[in-house]
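First up is the structure itself, then whatever we jot down about it.
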Amino acid sequence: MLNLLTEPLSFGFMRDALFIATSLGILCSVVGSYLIVQRQGILGDVIAHSVLPGIAIAIFLGIDIFLGAFISGTFSTFVISWIESQSRVKVDAAMALVFSGFLALGIMLITVLKSRVDLHHFLFGNILGVTTGDVWRTLIITVITLFLVKIFYKELLFYTFDPLGAQASGLPINIIKFGLTAAITLTIIASMQAVGVVLVISLLIGPGVTAYLLVKELHQMMFLGSIIGVIGSVGGLYISYYQNVPSGSSIVLFICGLFLLALLFSPSQGILTRPRGKRNRSRVLQHSEGK
């Protein structure tokens, strides 16, 4: 049994991959918790696909692709806010339009600029191919983000659950909103190497929403989500190593499996374990909504 755990550690690429997987399991859970409680989980997917134009331009100009991805991903959120504020278009429709528009623009720029972007790598990731630079970049992003969340936790909590109240109390909500956007974008950029943009939303939302079924407080959700994220990321990597399957997909499926267990067996929210009264009320609500 011990040999099964230690054998992968004899390879340098697995040690780097496990380090990044652990960091991302924590980072994605903390940042994703804010998306979940704000009911903006799809925003992560929008930003993930909106970084492609920035990557294409960065490669053409010969600059760091992470800088291009950050600018492009952050800019997409400003476009969404601008469309929402300047028209009758709702935020979900604005997200859908920006999602498709930025993705199409990225593909077009890759063709026009002849950028050497590995679309398969971009879409599905390659955590087993990370470099030492990727490891340090992920560590720096994780430490800085967690430190800022710790320092400004009360302000972020207030803004997350009552943005109008936060604005009325004098909090700089525009700065807070930009800070959250930057944190989400950096988290997605760090996660792209591991699972790619197609699967990144699962890594960003999966651990947090699993914890959401088990605890009630936001800080508990972040802590438990981090544990779930680490278990899912590391467990998925081990499955990938021993079963010779794609690592990104393995990580995401492991996390989805943990979510399914929580959905079925959560003491208070589980479909199979919650009190019978809650089950009946749930059925009544579903029946009335169907009408």
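Which whole-number percentage describes the relative contact order of the range 2-290, with Cα contacts under 8 Å and a sequence gap of 6 or more?
It rounds to 27 percent for the range 2-290.
Ranked highest first by the average count of other Cβ atoms within 10 Å around their residues, in what order do 117-129, 159-171 fall?
117-129, 159-171
Can you pull out the trypsin sites (Lys or Arg not before Pro) in the range 98-202 that DSSP calls coil and that have at most 15 other Cβ atoms within 10 Å?
Answer by residue number: K114, R116.
About the Cα centre of the chain, what is the dipole size in debye to 20, counting +1 per Lys and Arg Cβ and -1 per Asp and Glu Cβ, all else neutral?
960
The range 132-169 to the range 215-278: how many Å between their Cα centroids?
23
Please compute the contact order of the range 1-83 in relative form: average sequence separation of alpha-carbon pairs under 8 Å and at least six residues apart, divided by the residue count, as a percent.
That works out to 19 percent.
Indicate the helices, whole DSSP H runs only, in the chain that combine a mean Kyte-Doolittle hydropathy of -1.0 or more with a Cα extent along their long axis of 24 angstrom or more.
Qualifying helices, which must be both long enough and hydrophobic enough, are 12-37, 65-86, 91-112, 132-151, 173-212, 218-243, 247-265.
Given Cβ point charges of +1 (Lys, Arg) and -1 (Asp, Glu) and nothing else, what value in debye, to the nearest 20, does the dipole of the range 1-98 about its Cα centre take?
Charge dipole, the range 1-98, about its Cα centre: 260 debye, nearest 20.
Give me the Debye-computed log₁₀ of I(q)/I(0) at q = 0.10 Å⁻¹ for the chain, equal point scatterers on Cα only, no solvent, two decimals.
-0.58
Would you be so kind as to identify which of L35, I57, V112 lies farthest towards the positive end of the dipole of the chain, taking Lys and Arg as +1 and Asp and Glu as -1 on Cβ and the Cα centre as origin?
L35
Which semi-axis lengths, in whole Å and largest first, follow from the square roots of five times the eigenvalues of the Cα gyration tensor of the range 1-101?
35, 20, 9
So what is the 222 nm mean residue ellipticity for the chain from helices alone, if each DSSP H run of at least 4 adds -39500 (n - 2.57) and you divide by all residues, rounding to the nearest 500 deg cm²/dmol?
Mean residue ellipticity at 222 nm (helix-derived): -27000 deg cm²/dmol.
Please name which of L264, I140, T160 has its Cα lying farthest along the dipole of the range 2-290 towards the positive end, using unit charges on Cβ (Lys, Arg +1; Asp, Glu -1) and the Cα centre as origin.
In the range 2-290, that residue is L264.
Rule-based calculations on the coordinates, nothing more; no lab input. On a predicted model such as this, the values are computed, not experimentally measured, just so you know. Methodologically, a virtual Cβ is constructed for each residue, glycine included, from the backbone with ideal geometry; neighbour enumeration extends over all protein chains shown.
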